[in-house]
Amino acid sequence: MKILVVGSGGREHALCWAIRRSPLCEALYCAPGNPGIAQVATCLPVKAENVAGIVALAQERAIDLVIVGPEGPLVAGLVDALGAVGIKAFGPSAAAAQLEGSKGFMKDFCARHGIPTAAYARFTDAAAAKAYVRQQGAPIVVKADGLAAGKGVMVCPNEADAIAAIDTIMTEKAFGAAGVEVVIEEFLVGEEASFFALCDGKTAIALGAAQDHKAVGDGDTGPNTGGMGAYAPAPVVTPEVVDTVMTKIVAPTVAGMAAEGNPFRGVLFAGLMITATGPRLIEFNVRFGDPECQVLMSRLKSDLVPLLCASADGNLESADVEWFDAAVVVVVMAAKGYPGTPLKGTEIRNLAAADEVPEAVVFHAGTRADGDRILADGGRVLGVTARGRTVMEARERAYQAVDLIDWPEGFCRRDIAWRAL
Ligand code: AMP
Ligand code: GLY
């Protein structure tokens with residue numbers, strides 16, 4: 001097969017790294033990719049958001065399967081546009097991607113299907129939203145309805161913060177059209193986990209869970225980021241929790257989306273809060289997590305390609321997934337300044353030595369090449385990933401690899417996976 005992966009982050013590097021191992025893969029392309037991805041795939045300079053450009057590229061190269069990494073092109077209808085010209089694509093249609101693209105859609109959907117999530121209300125009027133906050137009290141959570149690059153969620157410890165959050169989103173329009181509507185939610189208490197299920201429109205199979213670290217600093221301090229590291233297995237996601245999530249959240253979602261005429265194909269990422277009364281859904285994403293994907297791909301023993309094809313073709317029922325009996329830890333190395341304005345263009349040296357640490361692999365997330373040099377070109381720059389028999393061993397190897405990387409302008413958290421240790 002000729003395969004095209006769409007995206008340019010650590011998630012897409014991990015997907016390409018897994019696909020490259022498949023005997024079914026004859027040629028692998030990535031658009032636009034990055035210098036790490038270029039080690040395993042041919043990178044082509046078309047941006048992920050350029051739907052027409054990706055479709056043209058897939059036609060030109062006679063691609064058999066397109067795998068869409070990020071949510072933006074999914075919500076924009078890339079899978080529909082590829083389907084319209086007869087190209088198979090992994091990921092949901094635009095209609096099904098609404099589960100991530102509109103928080104209001106997702107909350108109403110959960111209400112219709114009895115899926116356990118936080119109580120909520122939707123508003124297009126700022127005054128009405130503020131009145132609701134005053135009536136409910138704090139802590140409370142204010143969310144922009146649409147896609148806001150992970151920044152549209154504000155957890156507000158008091159009413160004044162919630163009022164300010166409504167102004168930021170609705171009056172100052174900090175997230176543009178994504179903030180025309182807000183969702184205001186009950187604050188959930190518990191431990192968070194990222195849960196993944198592969199879906200084909202009718203059937204879902206569990207891909208397991210990982211735990212991410214959102215805060216930028218050690219001990220979960222400082223502002224939130226896209227994720228500073230992740231690990232699996234997550235002790236909080238017991239076999240009982242997996243069962244509950246599959247029966248109470250994933251199965252009703254797949255059945256409900258099909259019944260409403262928007263069958264969900266692709267990977268369903270349930271952001272969970274494991275509360276005292278069981279798992280509740282914080283949010284849905286319609287793609288692999290980043291950096292959780294790096295962990296999942298490192299644990300996957302089965303060939304990824306037939307699984308993705310089964311999801312796209314509606315044949316998951318007979319699929320079987322095998323995993324390595326290993327723990328995996330990914331430590332994100334970010335450029336100084338992240339999650340504010342990251343320092344760009346600094347040189348990263350000694351990456352090859354880090355890749356040689358046993359069971360370790362360095363996934364590129366935000367790099368660019370300048371001749372033979374690798375330069376930082378984003379906030380989250382590298383995902384240093386390692387396998388081990390235990391979380392402790394995986395973590396030691398990951399930090400051993402981190403410490404070999406010569407990049408004074410980068411930083412990482414030193415406590416990834418602390419909850420599991
Ligand atoms: P998101 O950007 O949607 O992943 O949300 C960012 C973070 O906000 C989540 O990882 C949670 O830590 C937090 N969060 C979102 N909704 C809630 C909620 N209803 N209760 C408590 N925390 C929440
Ligand atoms: N790591 C969280 C996300 O991908 O949304």
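What follows draws every value from the coordinates through simple rules; no lab data is involved. For clarity, every value in this text was computed on a predicted model and none was experimentally measured. Glycine also receives a Cβ, built like all others from the backbone with ideal geometry; neighbour counts cover every protein chain displayed.
Quick one: count up the residues across region 79-92 that are surrounded by fewer than 24 Cβ atoms within 10 Å (Cβ to Cβ) and in contact with an Asp or Glu (Cβ under 9 Å, 6 or more places away or on another chain). Give the derivation first.
So in region 79-92, the residues surrounded by fewer than 24 Cβ atoms within 10 Å (Cβ to Cβ) come out as 80-81, 83-88.
With in contact with an Asp or Glu (Cβ under 9 Å, 6 or more places away or on another chain) added as a condition, the list becomes 87-88.
Looking only at that region, the number is 2.
Mind checking whether some residue in region 177-194 is within 16 Å of ligand 2 (Cβ to nearest atom), of a type outside the set (D, E) and surrounded by fewer than 21 Cβ atoms within 10 Å (Cβ to Cβ)? No, the conditions are met nowhere in region 177-194.
Taking the criterion of being free of Cβ contacts under 8 Å to residues at least 40 places away in the same chain and more than 16 Å from ligand 1 (Cβ to nearest atom), would at least one residue in region 219-238 satisfy it?
yes
Taking the numbered list (1) assigned to a helix (DSSP H, G or I); (2) at positive phi in turn, A149 passes all entries but (1). For region 295-302, the criterion of a residue being within 11 Å of ligand 2 (Cβ to nearest atom) and either farther than 21 Å from A327 by Cβ or not polar (S, T, N, Q) (or both) is satisfied by at least one position.
When region 190-235 is limited to residues that are among the polar types (S, T, N, Q) and in a strand (DSSP E or B), the one that is farthest from F264 (Cα to Cα) turns out to be T221. Scanning region 134-159 for residues that are over 15 Å from E181 (Cα atoms), of a type in the set (A, V, I, L, M) and surrounded by 15 or more Cβ atoms within 10 Å (Cβ to Cβ) yields A138, I140, V155.
If you go through region 342-391 and pick out every residue that is of a type in the set (G, A, S) and not in a strand (DSSP E or B), you end up with 9. Residues of region 287-303 that are more than 13 Å from ligand 1 (Cβ to nearest atom) and crowded, with 23+ Cβ neighbours inside 10 Å: F288, P291, C293, Q294, V295, L296, M297, S298. Under the condition of being hydrophobic (A, V, I, L, M, F, W, C) and either crowded, with 19+ Cβ neighbours inside 10 Å or within 24 Å of G227 (Cα to Cα) (or both), the residues counted in region 311-323 number 3.
In region 98-140, which residue that is aromatic (F, W, Y) and assigned to a helix (DSSP H, G or I) is nearest to I249 (Cα to Cα)? Give the steps one after another, and end with the answer.
From region 98-140, those aromatic (F, W, Y) are 105, 109, 120, 123, 132; that's our starting set.
Okay, now just the ones that are also assigned to a helix (DSSP H, G or I), so 105, 109, 132.
On the way: F105: 16, F109: 11, Y132: 27 Å.
The extreme case among them is F109.
Any idea which of G208, G314 is on the phi > 0 side of the Ramachandran plot and within 16 Å of ligand 2 (Cβ to nearest atom)? Please lay out each step first, then the result.
Numbers: G314 fails: within 16 Å of ligand 2 (Cβ to nearest atom).
On inspection, the qualifying residue turns out to be G208.
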